[in-house]
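Novice: So that we are looking at the same thing, I have put the structure below in structure tokens.
The values are calculated or read from the model by the stated rules, or taken from the named source; none is laboratory data. This structure is a prediction, so every number in the text was calculated from the model and none was measured. Virtual Cβ from ideal backbone geometry, glycine too; neighbours counted across all protein chains shown. Surface accessibility is based on the protein's heavy atoms, side chains included, excluding ligands, DNA and RNA. Shrake-Rupley method; radii C 1.70, N 1.55, O 1.52, S 1.80 Å.
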Amino acid sequence: MSQNKNRFLPLLLALCVVIGIVIGTFYTNHFSGNRLNIINSGSNRLNNLLHIIDDQYVDSVNIDKLVEKAIPQILSELDPHSAYISAEDAQKANDDLKGSFSGVGIEFTIRKDTLHVQNVVKSGPAETAGILAGDKIVSIDGKPFVGKTVTNEEAMHRLKGPKGTKVKIGVERYGEHNQKEFIVTRDNITTKSITAVYMLDDSIGYIRIKNFGERTYAEMLAALFELSSEGFSHLVIDLRDNAGGYLQSATQMANEFLPKDRLITYTQGRKSPRTNYRSDGRGSYQNIPLTVLINEGSASASEIFAGAIQDNDRGTIIGRRSFGKGLVQQQIGFSDGSLIRLTIARYYTPSGRCIQKPYTPGDENEYQLDMVSRYQHGEFFSRDSIKHTGPAYHTLLGRTVYGGGGITPDIFIPEDTTNVTSYYKEAAMSGLILQYAYNYTDENRQKLKSYNTMPKLVKHIGSLNLVEDFASFAENNGLKRRNLMIMRSHDLLEKYIFSRIVYNMLDEQAWNEYVNLFDDTIRAAIEVLRSNSAFPKKPETKSKKQKKVACTRTNSGNTFTC
């Protein structure tokens, strides 16, 4: 009997195995969609989730689009600057920093669903073909380009293209009844990161830098050479509203002004060992009196440069507290042309302060509203309202500086709200001033061409009552006339209108020269340089608190006491 039991035992075991496989398969097929393998890692769970959606979801799903929407959400949980850039946007993002792209060479604006040529690149493909500022582009490659299809993205898509390719552009020209067509051969267009270089007076040179791209350092050397030919002995570098760019460009620039072996910045992260960036002593402008202008729009590479100058006591920083972006991104590309910018380290200034302002991972809204918060609690108007969240650090001379939220300037310049009215705010924010200035330029372009310099052009339009003309235009476009407010804000309205006409008729350099005539921060920089106080001095005693410095306007409004 025992032998018979032993004979059937292998068969019984085999039967149990088969039954177990059947039951396991049944439960796997029926319940795997509800419970993933508990030993899966996070990345495996994501892969499994996408597979299940693709395999079992009630409707067909475009997995690629689903992933494209999910990646930004994942990155946003890390920090405010880790980001996903689609293949469509990646080229433009890189063009801005590389300083060149292939296209037709025009600057355009969209008015009433029509593409208006605002400026043409000198000696560029469009100018060579005969296109003029003021032309309205109404067709591209024989197809109408008007109405709702006219967007910035679509215009760039149609006008940009590989070098050597041709595009047929149809335009309507002011004063001419027939449409004109031009064949434009696309070519490499250089975009400059330095938008203004000129002398503020007989000895003070001025350089405005809008970003830190691949060519910025070379552009700066050319700018300094140009100023040298005009005999400059003092320098203003304007980094206001410069959102940053390449670290290398910022360190190369700082190197020109620092003595040998001075720390410019260092980076460090969990997987990124500390890397120091030091000056090599070969800079040609190590002793020139220097001021650097910053504001709440100055970020990243701008803050690296300003921090290096401040912490090494090399020059005076003037303006308002900078943005506070101290995170280092590494660009990682995907095969489809899209890419991510992943934060891998933090920037630190020579004194050791991290300039990144505080943030809560995943709470991007609060981070983006930081500027509104600064404005509301008065930081734009009073140095005492600046909230320092980080510890105190010290420069080489022992001056106190703070981390945890941007670069605080040595000399604070409040935002000027004198004579600002609700009428002026609405006129400016609604875009009505821009529209009026463009319309005026377009209608008077032939007459204005004879005024080929900023002073000549401003003198001419200054003899006209353009503010009154604007008020009528604005009223016809929905902005109620308020005569008392118009009188109070008359100078502001006039300056804004004039600045846009100057920009439309001349270029960005002329625009900078005009707006700087009335700029409080420029005036303060000139005052500092003329008084030979650009080089910071050692505090009297280390135990004493460093005196807070701010500039106040005199009654005349033309000079400052610092």
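Novice: Could you tell me the center-to-center distance, by alpha carbons, between the range 394-453 and the range 303-333 in angstrom?
Specialist: When both Cα centres are located, 21 Å separates them.
Novice: Express in % the proportion of alpha carbon pairs of the chain at distances exceeding 30 Å.
Specialist: Working: 98352 of 157641 pairs.
Counting pairs separated by more than 30 Å, the tail of P(r) holds 62 percent.
Novice: Further question: Give me the extension gain from LEU66 to MET429: residue separation times 0.36 nm, minus the current Cα-Cα distance, reported in nm with one decimal.
Specialist: 127.1 nm
Novice: For a paramagnetic label modelled at 7 Å from the Cα of GLN91 toward its Cβ, which residues of the range 133-168 fall within the zone defined by backbone nitrogen distances under 17 Å?
Specialist: Those under the cut-off are 141, 151-168.
Novice: While we're here: Please report the antiparallel percentage of DSSP beta bridges with both residues in the range 149-259, rounded to the nearest 5.
Specialist: In the range 149-259, DSSP labels about 65 percent of beta bridges as antiparallel.
Novice: Run the helix sum for the chain: -39,500 (n - 2.57) per DSSP H stretch of 4+ residues, divided by residue count, reported at 222 nm to the nearest 500 deg cm²/dmol.
Specialist: For the chain, the value works out to -11500 deg cm²/dmol.
Novice: Counting DSSP beta bridges with both partners in the chain, what percentage is antiparallel, nearest 5?
Specialist: Given both bridge residues lie in the chain, the antiparallel proportion sits at roughly 75 percent.
Novice: If you average the sequence gap of Cα pairs under 8 Å that are 6 or more apart and divide by the length of the chain, what percent do you get for the contact order?
Specialist: It rounds to 11 percent for the chain.
Novice: Could I ask something else about it? Can you give me the Kirkwood hydrodynamic radius for the range 232-334, using every pair of distinct Cα atoms, in Å to one decimal?
Specialist: Evaluated on the range 232-334, it is 14.2 Å.
Novice: In addition: Express in nm, to one decimal, how much length is gained between SER284 and ALA392 on full extension, taking 0.36 nm for each residue of separation and deducting their alpha carbon distance.
Specialist: Values: separation 108, 0.36 × 108 = 38.88 nm, distance 3.22 nm.
The SER284-ALA392 span can extend by a further 35.7 nm.
Novice: Over the range 428-492, average the accessible area per residue using a 1.4 Å probe and give it in Å², no decimals. Working shown, then result.
Specialist: Details: 3820 Å² over 65 residues.
Using a 1.4 Å probe on heavy atoms only, each residue of the range 428-492 averages 59 Å².
Novice: Which three lengths, in whole Å and largest first, does the range 261-310 cover when its Cα atoms are put on their principal axes?
Specialist: Taking max minus min along each principal axis of the Cα atoms, the range 261-310 gives 39, 31, 13 Å.
Novice: Further question on the same structure: List, in order, the whole-Hz ³J(HN,Hα) value for each residue of the range 338-347 obtained from phi through the Karplus relation with A = 6.51, B = -1.76, C = 1.60 and θ = phi - 60°; use x for Gly and Pro.
Specialist: Computed from phi, the couplings for the range 338-347 are 6, 7, 10, 10, 10, 5, 10, 6, 10, 8 Hz.
Novice: If R0 is 56 Å, what FRET efficiency do you get for SER422 and TYR57 from their C-beta distance, rounded to 0.05?
Specialist: That gives a FRET efficiency of 0.60.
Novice: So which aspartates and glutamates can LYS192 reach, going by Cα to Cα under 12 Å and dropping same-chain residues fewer than 8 places off?
Specialist: The reachable aspartates and glutamates, counting only those whose Cα sits under 12 Å from LYS192, are ASP95, ASP96, GLU214, GLU219, GLU508.
Novice: Also, I was wondering about something else. Return the ratio Rg/(2.2 N^0.38 Å) for the range 375-436, where Rg is computed over Cα atoms only.
Specialist: Expressed relative to 2.2 N^0.38 Å, the Cα Rg reads 1.63.
Novice: If you wrap a convex hull around the Cα atoms of the range 331-422, how much volume per residue is inside, in Å³?
Specialist: Considering the Cα atoms of the range 331-422, their hull volume per residue is 176 Å³.
Novice: Figure the gain on full extension for GLU214 and VAL372 (residue separation times 0.36 nm, minus the Cα-Cα span) and round it to one decimal in nm.
Specialist: Numbers: separation 158, 0.36 × 158 = 56.88 nm, distance 3.21 nm.
Gain on extension, GLU214 to VAL372, equals 53.7 nm.
Novice: Roughly how many percent of the accessible protein surface of the chain is carbon and sulfur, given a 1.4 Å probe and a whole-percent answer? List each step's numbers first, then the result.
Specialist: On the way: 15590 of 30380 Å².
Ligands and nucleic acids excluded, carbon and sulfur give 51 percent.
Novice: With labels modelled as points extended 7 Å from the Cα through the Cβ direction, what inter-label distance (nm, one decimal) is found for ASN465 paired with SER385?
Specialist: 3.7
Novice: Here's a follow-up. Just order 127-136, 107-116 by mean Cβ neighbour count inside 10 Å, highest at the front, would you?
Specialist: Descending packing order for the listed peptides: 127-136, 107-116.
Novice: Same structure again: Describe numerically, in nm with one decimal, the distance between label points set 7 Å from Cα along Cα→Cβ at ILE183 and at SER203.
Specialist: About 5.9 nm, to one decimal.
Novice: In what sequence, highest mean first, do 385-397, 347-359, 252-264 appear when ranked by Cβ atoms within 10 angstrom?
Specialist: Numbers: 385-397: 15.1, 347-359: 21.6, 252-264: 19.4.
Going by the mean number of other Cβ atoms within 10 Å, highest first, we get 347-359, 252-264, 385-397.
Novice: Find which of ALA243, GLN268, SER229 sits farthest along the positive direction of the dipole of the range 224-286, computed with +1 on the beta-carbon of Lys and Arg, -1 on that of Asp and Glu, about the Cα centre.
Specialist: Among ALA243, GLN268, SER229, the one farthest towards the positive end of the dipole of the range 224-286 is GLN268.
Novice: Something else: Quick one: 3J(HN,Hα) in Hz for the range 517-533, Karplus 6.51/-1.76/1.60 with θ = phi - 60°, rounded, Gly and Pro as x.
Specialist: Result, rounded to whole Hz: 4, 10, 8, 4, 5, 4, 4, 5, 5, 4, 4, 4, 5, 5, 8, 6, 10.
Novice: How long are the semi-axes of the equivalent ellipsoid of the range 42-93, defined as square roots of 5 times the Cα gyration tensor eigenvalues? Whole Å, largest first. Before the final figure, lay out the partial values.
Specialist: On the way: eigenvalues 121, 47, 11 Å².
Those come to 25, 15, 7 Å.
Novice: Can you tell me the dipole magnitude for the range 151-238 around its Cα centre, using point charges on the Cβ only (Lys, Arg +1; Asp, Glu -1), in Debye to the nearest 20? Numbers along the way, then the final one.
Specialist: Working: 12 positive and 13 negative charges, 130 e Å.
In total the dipole reaches around 620 debye.
Novice: Which whole-percent values make up P(r) of the range 375-486 when all C-alpha to C-alpha distances are grouped in 10 Å steps starting at zero?
Specialist: Spelled out per bin, shortest first, that is 11, 27, 21, 18, 16, 7.
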